[in-house]
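What follows is one structure encoded as structure tokens, with my remarks underneath.
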Ligand code: CUA
């Protein structure tokens with residue numbers, strides 16, 4: 001029923017398209033608030049119209065009966081809002097307890113670290129570290145650990161449940177049990193600087209078998225470059241200190257400031273959802289990062305056109 005009622009707000013990044021039991025609980029209380037607030041609003045509008053019409057100025061009108069100091073009316077006006085506040089207070093606490101259970105001794109299934117302006121995802125117990133496109137298995141209860149590398153960011157994928165701040169020096173957690181495979185979008189929800197708006201999240205929920213396959217493939221080291229241009233690109237990459245900030249596992253590049261590029265070519269988008277991931281966009285980005293994403297921490301290197309082209313070929317074949 002609510003699906004139909006709130007059709008106009010469903011779709012990407014809508015809390016009404018809940019895909020986890022946690023998001024389902026949040027949707028329930030949101031609907032409760034909407035219904036209660038709508039009833040109150042309609043009541044106030046109806047009474048305002050009724051009173052305006054009934055007691056409008058008339059030639060013959062005598063002063064209406066005064067109700068000032070009516071104990072009954074005051075008791076009603078205090079007790080109804082109070083009852084609503086108490087009702088929603090307990091519903092809220094109940095919902096919070098349901099969506100944020102104890103972490104206990106559970107190990108996180110994924111560790112997400114927010115950076116200005118991208119998301120790093122590591123999978124404990126594996127060598128896998130990726131960025132922005134976050135793969136998770138559907139149907140499994142996953143504990144997500146949320147950290148920040150610099151300023152306060154905020155994780156929010158509305159279909160998957162609650163928002164959670166990511167605070168430097170603190171560790172926060174969320175539980176998610178994604179009901180079915182699919183792509184769930186979200187964004188950073190705490191202003192974190194110039195490119196806050198381009199800090200999109202893309203959660204790719206896969207069947208456990210597909211997820212295991214994905215994880216296995218990502219655990220492998222980077223493929224060595226095969227064609228001439230890619231080999232040239234790899235040489236420039238290593239020489240131009242790209243590896244001080246980026247990791248390409250299986251090479252000497254092991255920096256951790258920027259996104260891990262070991263399997264960069266297998267991602268759909270780049271720059272936290274800003275552009276499609278293809279050689280043309282990598283070319284644009286490497287030619288002038290500040291023009292593409294002003295404020296980004298990627299320095300501008302003065303490369304020749306040929307070098308940029310070779311670098312783009314190299315990173316794109318890192319599938
Ligand atoms: Cu990160 Cu806003």
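The values are calculated or read from the model by the stated rules, or taken from the named source; none is laboratory data. Being a predicted model, the structure only gives us computed values, none of them experimental. Note that we place each Cβ from the backbone using ideal geometry, even for glycine, and neighbour counts take in every protein chain shown.
Under the condition of being more than 11 Å from the ligand (Cβ to nearest atom), in a loop (DSSP other than H, G, I, E, B) and without any contact (Cβ under 8 Å) to a residue 40 or more places away in the chain, which residue from the range 167-193 is nearest to residue 20 (Cα to Cα)?
It comes out as 171.
When you go through 220, 197, 205, 232 one by one, which is the residue that is away from the ligand (no atom under 16 Å from the Cβ) and over 30 Å from residue 307 (Cα atoms)?
The match here is 205.
Among residues belonging to the range 137-163 that are within 13 Å of the ligand (Cβ to nearest atom) and over 29 Å from residue 216 (Cβ atoms), point out the one that is modelled with the lowest pLDDT.
163
If we scan the range 207-218, do we find a residue that is more than 28 Å from residue 123 (Cβ to Cβ), touching a helix residue (DSSP H, G or I) at 6+ places or on another chain (Cβ under 9 Å) and part of a helix (DSSP H, G or I)?
Checking the range 207-218: not a single residue is more than 28 Å from residue 123 (Cβ to Cβ), touching a helix residue (DSSP H, G or I) at 6+ places or on another chain (Cβ under 9 Å) and part of a helix (DSSP H, G or I).
So which helices (runs of 4 or more DSSP H) are wholly in the range 1-100 and hold at least 2 residues that are farther than 30 Å from residue 181 by Cα and modelled with pLDDT of 85 or more?
The qualifying helices (runs of 4 or more DSSP H) are 21-54, 71-99.
If you check 73, 47, 82, 42, which single one turns out to be surrounded by 11 or more Cβ atoms within 10 Å (Cβ to Cβ) and away from the ligand (no atom under 16 Å from the Cβ)?
Of 73, 47, 82, 42, the one residue that is surrounded by 11 or more Cβ atoms within 10 Å (Cβ to Cβ) and away from the ligand (no atom under 16 Å from the Cβ) is 73.
Does residue 176 fit the bill of being crowded, with 17+ Cβ neighbours inside 10 Å, assigned by TED's automatic domain parsing to the domain that holds residue 106 and within 12 Å of residue 135 (Cβ to Cβ)?
No.
Would you point out which residue out of 93, 103 is surrounded by fewer than 16 Cβ atoms within 10 Å (Cβ to Cβ), in contact with a strand residue (DSSP E or B) (Cβ under 9 Å, 6 or more places away or on another chain) and assigned by TED's automatic domain parsing to the domain that holds residue 191?
The match here is 103.
What residue, among those in the range 116-129 that are touching a residue at least 60 places away in the same chain (Cβ under 8 Å) and part of a strand (DSSP E or B), is farthest from the chain's Cα centre (by Cα)? Break it down into steps so the answer makes sense when it comes.
So in the range 116-129, the residues touching a residue at least 60 places away in the same chain (Cβ under 8 Å) come out as 116-120, 123, 126-129.
Those left that are additionally part of a strand (DSSP E or B): 118-120, 129.
Numbers: 118: 11, 119: 9, 120: 12, 129: 18 Å.
Filtering first and then ranking leaves 129.
Here's a check for you: in the range 289-298, which residue that is out of contact with any helix residue (DSSP H, G or I) (no Cβ under 7 Å at 6 or more places or on another chain) and closer than 19 Å to residue 253 by Cβ is surrounded by the fewest Cβ atoms within 10 Å (Cβ to Cβ)?
It comes out as 297.
Would you confirm, using the coordinates I've provided, whether residue 232 is in contact (Cβ under 8 Å) with a residue 60 or more places away in the chain, in contact with a helix residue (DSSP H, G or I) (Cβ under 6 Å, 6 or more places away or on another chain), crowded, with 18+ Cβ neighbours inside 10 Å and not assigned by TED's automatic domain parsing to the domain that holds residue 114?
When the stated conditions are applied, residue 232 passes them.
Given the conditions (1) more than 25 Å from residue 112 (Cβ to Cβ); (2) exposed (fewer than 15 other Cβ atoms within 10 Å of the Cβ), and given that residue 286 satisfies all but one, which numbered condition is not satisfied?
Among (1) more than 25 Å from residue 112 (Cβ to Cβ); (2) exposed (fewer than 15 other Cβ atoms within 10 Å of the Cβ), the lone unmet condition for residue 286 is (2).
Taking the range 299-319 only, how many residues are under 25 Å from residue 114 (Cβ atoms) and surrounded by 18 or more Cβ atoms within 10 Å (Cβ to Cβ)? Walk me through how you get there before you give the answer.
Narrowing the range 299-319 to residues under 25 Å from residue 114 (Cβ atoms): 299-300, 315, 318.
Still in the running and surrounded by 18 or more Cβ atoms within 10 Å (Cβ to Cβ): 315, 318.
Residues that pass the stated criteria total 2.
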